[in-house]
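Just below is one structure, and these are the notes that go with it.
Please treat every number below as a calculation from the coordinates, not as lab data. Quick caveat, the model's predicted, so the values are computed rather than measured. Cβ placement follows ideal geometry from the backbone for every residue including glycine, while neighbour counts extend to all protein chains displayed.
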Amino acid sequence: NAGVTQTPKFQVLKTGQSMTLQCAQDMNHEYMSWYRQDPGMGLRLIHYSVGAGITDQGEVPNGYNVSRSTTEDFPLRLLSAAPSQTSVYFCASRRIRGGGTDTQYFGPGTRLTVL
Amino acid sequence: AQSVTQPDIHITVSEGASLELRCNYSYGATPYLFWYVQSPGQGLQLLLKYFSGDTLVQGIKGFEAEFKRSQSSFNLRKPSVHWSDAAEYFCAVGGTGNQFYFGTGTSLTVIP
């Protein structure tokens, strides 16, 4: 199993540009999520999904869009990038049958810089 | 409101010394508690988790943590630190819902 994969590893954008961060998992996990990690703030939940066609907002959803058309993929879209979105982005997945006790598996992260 | 507090931003210990990283949580229901480790430039790896039963849980790499409900704490410990333990450590809380809350992290430096 490849686990959770993310592309790209690094990205530089100009203010106002749009882009999609890709996330895929091969563990057949129902739950997938996106976090951003900023210095001194830990990881904060952006959006999550409990299955194909079902998404919901986390703690910091503004400026981001998600969709889940398959179990495997959960892309994160930045509609109009802003410098405040400079961060490291992590995708994670887990089963949901354990009712929240299951381990979340994290991808290696995408380091995004918005100029 | 749900939250996790890690009061120590940075800790320095000598190799071979014992380690305790503090974590306090606020959660409105039965908490599920986790400790993750992040090496530089890497993703997060689960060290251990607690959701019921014995309040002292063992994890990987020789780490353990103790859940104390009365103190709303879930401190991470290791009896003898190795240089390879230098990393950032995150405490997190979740539950039967779908949201998950991380602390701000504690950076560990190990002195040879």
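For the segment A:76-82, counting C-beta atoms of other chains within 10 Å of every residue's C-beta and taking the mean gives 0. The label point for A:Met27 and the one for A:Ser80, both projected 7 Å from the Cα toward the Cβ, are 3.7 nm apart.
What is the pair-distance distribution P(r) of the protein assembly as shown, computed from all Cα-Cα distances in 5 Å bins starting at 0, with each bin given as a whole percent? Per 5 Å bin, starting at zero, the Cα-Cα P(r) for the protein assembly as shown comes out as 1, 7, 15, 18, 19, 16, 12, 7, 3, 1, 0 percent. Each Lys and Arg Cβ is given +1 and each Asp and Glu Cβ -1; about its Cα centre, the protein assembly as shown then shows a dipole of about 260 debye. The modelled label-to-label distance for the pair A:Val50/A:Arg111, using points 7 Å beyond Cα in the direction of Cβ, is 3.6 nm.
State which stretch of chain A is the longest one without any exposed trypsin sites (Lys or Arg not before Pro), exposure meaning a DSSP loop state and at most 12 other Cβ atoms within 10 Å. Don't jump to the answer; show the numbers that get you there.
Values: sites that count: A:Lys9, A:Lys14, A:Arg97.
So the longest stretch without any such site is A:15-96.
Computed on the Cα atoms alone, the convex hull of chain B gives a volume of 99 cubic angstrom per residue.
Cross-link partners for B:Lys49 among the aspartates and glutamates, with Cα-Cα distance under 13 Å and sequence neighbours closer than 8 places in the same chain left out: A:Asp102, B:Glu64, B:Glu66.
Report the far tail of the P(r) of the stretch A:1-43, meaning the percent of Cα-Cα pairs longer than 18 Å. Intermediate results must be reported in sequence, preceding the final value.
Numbers: 425 of 903 pairs.
Result for the distance tail: 47 percent.
Couplings 3J(HN,Hα) for the stretch A:16-27, derived from phi with the Karplus relation 6.51 cos²θ - 1.76 cosθ + 1.60 (θ = phi - 60°), are x, 6, 10, 6, 10, 8, 9, 9, 9, 9, 10, 9 Hz, where x marks Gly and Pro.
Figure legend: label point modelled 7 angstrom from the Cα of B:Glu66 along Cα→Cβ; residues of the stretch B:1-44 with amide N under 14 Å from it are B:19-23.
Would you mind giving the mean number of other chain beta-carbons within 10 Å of the Cβ of each residue in A:39-46, as a whole number?
Numbers: counts 2, 3, 4, 11, 11, 2, 5, 0.
The per-residue average across the peptide is 5.
Expressed as a fraction of 2.2 N^0.38 Å, the C-alpha radius of gyration for the stretch A:13-101 is 1.08. Extension gain for B:Ala29-B:His10 works out to 3.9 nm (0.36 nm per residue, less the C-alpha to C-alpha distance). Looking at chain B, send over the antiparallel percent of its DSSP beta bridges, to the nearest 5. About 85 percent, rounded to the nearest 5. For the pair the stretch B:19-69 / the stretch A:66-104, the C-alpha centres are spaced 22 Å from each other.
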